[in-house]
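Visitor: Got a structure for you, questions after.
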Amino acid sequence: MLTRMQLPIDHHAIKMRLQAGCLVFFVLLLTARPAFTGDAELTNLIVRNSNDQLQVDLSIKGIFTEEMKAAVSKGFTISLTFLILLYEVRDYWFDEEIMGKTALHDIKFDVLKKEYRIRRSWEKRPSSIIKDFKKAQRLFFEIKEFDVISLKRLKKGKQYQLRVKLEIDGKNFPFTGLPWEFETDWYTLNFIY
């Protein structure tokens, strides 16, 4: 008959390994660099009307890091989502959301042709092709004459609030292994129609 031999458990060694593992985890957590900076800001938020539409212009600054630039130059696609909400401001009650829209932007560098392809979901043309990175970056991070809502749906003399936010969905890129997730705060603009 075989007997099982009991080995003594070294509780001190287990505790030391657990503490060392936690220390390594927190060091990695604290030294990991995000792919996006906290310096991103929405600028030039302008509301205007065309003949029959309420339109918005805006741009984002301070969002591209060196890691993002390197990813784009290697042919990775980076996508942005602009969230645009319009509320009618009501006294002594909750504001009423009238409309919500999204604008999707993609940037991709064609390594063979040495050109940037910018797709903006709200434009009629399929995509813009640009050779210069600075111009491509500016086009990628701005919206001009985006139709928000028909002016027929707005009431004269009423107060409205436009809220805008930028989000980038997380993606894991092979050379970093880190998800790229980012969103700005809500930016608001109050106006009377």
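The values are calculated or read from the model by the stated rules, or taken from the named source; none is laboratory data. Since this is a predicted model, take the numbers as computed values, not measurements. Calculation scope for accessible area: heavy atoms of the full protein, side chains included, ligands and nucleic acids excluded. Shrake-Rupley method; radii C 1.70, N 1.55, O 1.52, S 1.80 Å.
Visitor: To the nearest 10 square angstrom, how much accessible area does Glu123 have with a 1.4 angstrom probe?
Guide: 40 Å²
Visitor: Setting aside same-chain residues fewer than 8 positions from Lys108, which aspartates and glutamates have a Cα under 13 Å from its Cα?
Guide: Asp132
Visitor: List, in the order given, every pair from Lys101/Lys131; Lys69/Lys144; Lys61/Lys101; Lys124/Lys165; Lys101/Lys152 whose Cα-Cα distance in the structure shown is over 27 Å. Don't skip to the end; give the middle numbers.
Guide: Values: Lys101/Lys131 30 Å; Lys69/Lys144 23 Å; Lys61/Lys101 21 Å; Lys124/Lys165 23 Å; Lys101/Lys152 17 Å.
Distance filter (> 27 Å) returns Lys101/Lys131.
Visitor: Heavy atoms only, 1.4 Å probe, whole protein assembly: order Leu189, Leu162 by accessible area, highest first.
Guide: Listed by decreasing accessible area, they come as Leu189, Leu162.
Visitor: Same structure, new question: Students sometimes get this wrong: rank Val89, Val111, Val164 by accessible area, probe 1.4 Å, all chains present, largest first.
Guide: My answer, sorted largest first, is Val111, Val89, Val164.
Visitor: How much accessible surface area, in Å² rounded to 10, belongs to the heavy atoms of Trp122 with a 1.4 Å probe?
Guide: Estimated to the nearest 10 Å², Trp122 gives 60 Å².
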